[in-house]
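See structure below.
The values are calculated or read from the model by the stated rules, or taken from the named source; none is laboratory data. Only a predicted model underlies this, so the values are computations on that prediction, with no experimental measurement involved. As a convention, Cβ positions derive from the backbone with ideal geometry for all residues, glycine included, and neighbour counts pool all protein chains shown. Surface accessibility is based on the protein's heavy atoms, side chains included, excluding ligands, DNA and RNA. Shrake-Rupley method; radii C 1.70, N 1.55, O 1.52, S 1.80 Å.
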Amino acid sequence: MLAMLEPGDVFAVARIDSGSFSEKDIVAKLVLDPRPSMANKQKREFARHVDLFVSKVKSSAYTDISGGLLQGVEYLNEANVANKTIMIYSDLKEELPEGYVREFELTLDGVLVQALNVTKLRADNQNPQLYLDRVALWQDKIIEGGGDWKVVNDLDKPEA
């Protein structure tokens, strides 16, 4: 993804954990310098920072996808970018700690949400309909919120 970014683009990586509607879950963010040489240096540093995070991160007990989407939309709106994309690496099963409420409609006008390599759960092998239902649930939420939805399971395809 970093290789496709151009000077002036905005990019961020955030984690989805137990309560993801928080700035603390943004792992790294950058606005690429208009000078290509500086932008390349920023990309290398960004990649190093994200690699370090990935090597040390522990799994969360819960998955707050709605909160993560809300945080992502707010970040993109504040960044005032023309093309808005949120990519989700998840099994798309939202699980919240007791007391957390995510009963709101998402406002995703002009946002493309891509679910990448949606992880299949053990139960999905026994009943694939569970997987299909999770994907359909998020597709409906995204489209109802005014966004566009795409599932990408083969990241090697150029259109991905």
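Quick notes
- Test: residue in the stretch 73-83 that is closer than 29 Å to MET4 by Cα, open to solvent by 50 Å² or more (accessible area, probe 1.4 Å), in contact with a Gly (Cβ under 7 Å, 6 or more places away or on another chain) and among the acidic types (Asp, Glu): no
- Qualifying position, being within 16 Å of VAL54 (Cβ to Cβ), at pLDDT 85 or above, open to solvent by less than 40 Å² (accessible area, probe 1.4 Å) and touching a Phe, Trp or Tyr at 6+ places or on another chain (Cβ under 9 Å), among VAL10, VAL27: VAL27
- Test: residue in the stretch 33-40 that is at pLDDT 90 or above, buried (at least 17 other Cβ atoms within 10 Å of the Cβ) and over 17 Å from LYS141 (Cα atoms): yes
- Check on VAL113, within 24 Å of ILE142 (Cβ to Cβ), in a helix (DSSP H, G or I), within 16 Å of the chain's Cα centre (by Cα) and in contact (Cβ under 8 Å) with a residue 12 or more places away in the chain: no
- For the stretch 120-152, the set of residues classified as in contact (Cβ under 8 Å) with a residue 24 or more places away in the chain and either part of a helix (DSSP H, G or I) or within 14 Å of SER90 (Cα to Cα) (or both) consists of LYS120, LEU121, ARG134, VAL135, LEU137, TRP138, LYS141, ILE142, GLU144, LYS150, VAL151, VAL152, listed by residue number.
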